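Report on the structure given below.
The values are calculated or read from the model by the stated rules, or taken from the named source; none is laboratory data. Bear in mind the structure is a predicted one, so any value in this text is a computation, not a measurement. No Cβ is skipped: glycine too gets one built from the backbone with ideal geometry, and neighbour counts run over all protein chains shown.
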Amino acid sequence: MKCYGIMPERKLWVKIGIIIFGIYTIYNSAVNNNFFYLPFGIIMILVTFSERKHIISQEGVDIIYTICGFQFHNIWNWSEINTIHIDSISSKPNVELHIGKDITARRFILSKNDVDKALTITSKMNSKIYIAELKKRV
């Protein structure tokens with residue numbers, strides 16, 4: 001069983017702005033013979049064509065980045081996760097799960113049905129994870 005996070009769509013004006021800034025960075029590095037910044041311009045352009053997926057499954061919590069057809073996984077196994085905080089206020093009508101590993105946290109936005117499935121998976125895979133509900137907005 002897998003639960004997929006809800007990913008907000010990147011706005012068109014943001015994509016265009018990043019592409020223009022990437023082209024400017026490449027142009028400026030070529031004109032000034034400062035090729036240190038050339039990879040940053042290329043990476044900025046490639047990022048606009050990337051996609052990201054949040055997945056909660058029996059293997060753990062995974063973020064899949066797809067850049068130009070290549071997939072990169074950034075997975076946390078259930079044995080590495082310490083805390084899960086449930087925030088039902090910030091992203092209404094959806095629910096945010098703040099999944100913590102040591103001092104790092106990932107924010108997943110899920111539907112209410114998927115949160116129940118994710119918590120069921122969590123309790124099956126690692127019963128030592130501290131789960132708490134955030135009561136008020138900070």
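Consider the stretch 116-138 and keep the residues that are of a type in the set (A, V, I, L, M, F, W, C) and in a strand (DSSP E or B). The one that is surrounded by the most Cβ atoms within 10 Å (Cβ to Cβ) is ILE131. ASN94: closer than 23 Å to ASP116 by Cβ and modelled with pLDDT of 90 or more, yes or no? Yes: the conditions hold for ASN94.
Exactly one residue among ILE64, ILE56 is closer than 29 Å to LYS101 by Cα, touching a residue at least 24 places away in the same chain (Cβ under 8 Å) and under 17 Å from the mean Cα position of the chain (by Cα), and that residue is ILE56. THR48 meets each of the listed conditions (1) surrounded by 12 or more Cβ atoms within 10 Å (Cβ to Cβ); (2) in contact with a helix residue (DSSP H, G or I) (Cβ under 9 Å, 6 or more places away or on another chain); (3) polar (S, T, N, Q); (4) more than 30 Å from ILE23 (Cα to Cα) apart from (4). Which one of these does ASN74 not meet: (1) surrounded by 14 or more Cβ atoms within 10 Å (Cβ to Cβ); (2) within 17 Å of ALA105 (Cα to Cα); (3) in contact with a Phe, Trp or Tyr (Cβ under 9 Å, 6 or more places away or on another chain)? The number of the failed condition is (1). Filtered by the rule that a residue be exposed (fewer than 14 other Cβ atoms within 10 Å of the Cβ) and hydroxyl-bearing (Ser, Thr, Tyr), the stretch 1-36 gives TYR24, TYR27. Just to verify a result, which residue in the stretch 88-115, among those that are loosely packed, with under 13 Cβ neighbours inside 10 Å and without any contact (Cβ under 8 Å) to a residue 12 or more places away in the chain, is nearest to MET1 (Cα to Cα)? My answer is ASN113.
Determine, yes or no, whether SER79 is under 23 Å from MET1 (Cβ atoms), over 16 Å from the mean Cα position of the chain (by Cα) and not hydrophobic (A, V, I, L, M, F, W, C). When the stated conditions are applied, SER79 passes them.
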